[in-house]
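Encoded as structure tokens, the structure appears first; notes follow it.
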Amino acid sequence: MIAAVLLLGNINFEFSVNAENEPCEIKNPETAESVAYLLGMDRKDFLESLVTHRRTIAGELVLSALSHRQCTEGRDSMAKAIY
């Protein structure tokens, strides 16, 4: 678990300097895949959870892209919750 928390902090996100609310992407997906493995999670679901917000509206699943700030805050919150 400690290794997963430490690796979570190494996950970086790419973003556009000009657009604060533009969706982010994982800069180093191999690190995120290692975290998913250590936590026993599905790789694809974990990577998706880092950059999207999932909600149900009118009975339908809607995925919304997260901004760079939201991605970073989500990663940090996840590390804190696991620790």
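The values are calculated or read from the model by the stated rules, or taken from the named source; none is laboratory data. Bear in mind that the values here come from a model prediction, so they are computed numbers and not experimental data. Because the Cβ atoms are built from the backbone with ideal geometry, glycine has one as well, and the counts that use them run over all protein chains shown.
Taking the criterion of being surrounded by fewer than 14 Cβ atoms within 10 Å (Cβ to Cβ), at pLDDT below 95 and not small (Gly, Ala, Ser), the residues of the range 1-21 that qualify are 1, 2, 14, 17, 18, 20, 21.
Checked across the range 26-49, the condition of being exposed (fewer than 12 other Cβ atoms within 10 Å of the Cβ) and β-branched (Val, Ile, Thr) holds for no residue.
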